[in-house]
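Worksheet for the structure shown next.
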Amino acid sequence: MTSITRSVNPLPPVTDPRERRAIVTELVIVFAVTLGMSGLRSLLSLVDSLLRPEPLNKQAVALNVPQATIDFIDLLKQLLSAAQLVAWGALGLYLLWRAGIRLAAIGLDRDRVRRDLLTGAGLAALIGIPGLVLYLVAYRLGASLAVLPSTLDDTWWRPIALTLSAAGNAWAEEVLVVGYLITRLRQLGLRENSSLLTAAVLRGSYHFYQGFGGFLGNLVMGLIFGRVWQRTNRLWPLVIAHTLLDVVAFVGYSVLRGKVSWLP
């Protein structure tokens, strides 16, 4: 991975010791209540799976599961889960805004809607097909669990809930792990490659529950997405691409489950 000699709209490093400590403390708190804690739980889930007598590919993990026995309550809880993800991303944006960093500075303005949509669709295609192949290979080799994107019942609101879940995941991850984290690491003076690798490892960590394939696939995705953001300073394409990937995975799986032999 070659070093970036120039980044778009680079922030000057913070030199005041008190401000630097405040940024580090903020990072610890934010990720302790969001994706960092998810990473630790995910690692423990993988350890638990490895300690079981059956191999990883004989175990299964579901991503979107029923949360209540009563249909209407289940719908409300699914919506609350999506809302929590949106709030996580909003927290990162709010903290950047309080620090004097405008949303446009991380690529969340609406100046290039058409280009952002096209770039997002292209990124989804670039990541989606190789990612599916990597997962299937890892699963066949016993390095990944059987990942069930949805086990929700066939209700009228299932596509809506899955789409909102996909959008919430995309928003929370791309805002926090790319826009927020890399911006803060820049302020701490980390090199672009170091910031990129840190963000990518974090992204992979909270997918450990899927097995080693889940970690590796999301690590690669993090390296690509992070590098695209570093070079373009546009965050919307990442959110769009991630949303498309998850919508296809969540909704597509719920439609094809039991009809396609190669799906676990």
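The values are calculated or read from the model by the stated rules, or taken from the named source; none is laboratory data. Worth saying up front: this structure is predicted, and the values here are computed from it rather than measured. Methodologically, a virtual Cβ is constructed for each residue, glycine included, from the backbone with ideal geometry; neighbour enumeration extends over all protein chains shown.
Okay, here's what the table says:
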{"item": "Filtered residues of region 32-61 (kept if in contact with a Pro (Cβ under 9 Å, 6 or more places away or on another chain) and at pLDDT 95 or above)", "result": "A60"}
{"item": "Criterion: over 13 Å from the mean Cα position of the chain (by Cα) and either under 23 Å from T163 (Cβ atoms) or surrounded by 22 or more Cβ atoms within 10 Å (Cβ to Cβ) (or both) - qualifying residue of L244, L196", "result": "L196"}
{"item": "Positions within region 61-75 being among the aliphatic types (A, V, I, L, M) and either surrounded by 13 or more Cβ atoms within 10 Å (Cβ to Cβ) or closer than 15 Å to V30 by Cβ (or both), in sequence order", "result": "V61, A62, L63, L75"}
{"item": "Filtered residue count, region 143-158, keeping only those that are among the polar types (S, T, N, Q) and not in a strand (DSSP E or B)", "result": "2"}
{"item": "Residue list for region 202-253, filter: assigned to a helix (DSSP H, G or I), within 20 Å of R186 (Cα to Cα) and among the charged types (D, E, K, R)", "result": "R203, R227, R231"}
{"item": "Tabulated pairs, region 144-159, first farther than 26 Å from N57 by Cβ, second surrounded by 14 or more Cβ atoms within 10 Å (Cβ to Cβ) and of a type outside the set (F, W, Y), C-beta under 6 angstrom, 6+ apart or interchain", "result": "W157/L75; R158/L152; P159/V251"}
{"item": "Residue satisfying all of: in region 27-73; acidic (D, E) and without any contact (Cβ under 8 Å) to a residue 12 or more places away in the chain; nearest to T183 (Cα to Cα) among these", "result": "D48"}
{"item": "Search result, residues across region 182-193 that are assigned to a helix (DSSP H, G or I), aliphatic (A, V, I, L, M) and either surrounded by fewer than 18 Cβ atoms within 10 Å (Cβ to Cβ) or touching a residue at least 24 places away in the same chain (Cβ under 8 Å) (or both)", "result": "I182"}
{"item": "Qualifying residue in region 80-91 (condition: surrounded by 14 or more Cβ atoms within 10 Å (Cβ to Cβ), farther than 19 Å from A170 by Cβ, under 23 Å from the mean Cα position of the chain (by Cα) and modelled with pLDDT of 95 or more)", "result": "no"}
{"item": "Enumeration of residues in region 92-113 that are surrounded by 13 or more Cβ atoms within 10 Å (Cβ to Cβ) and of a type in the set (D, E)", "result": "D109"}
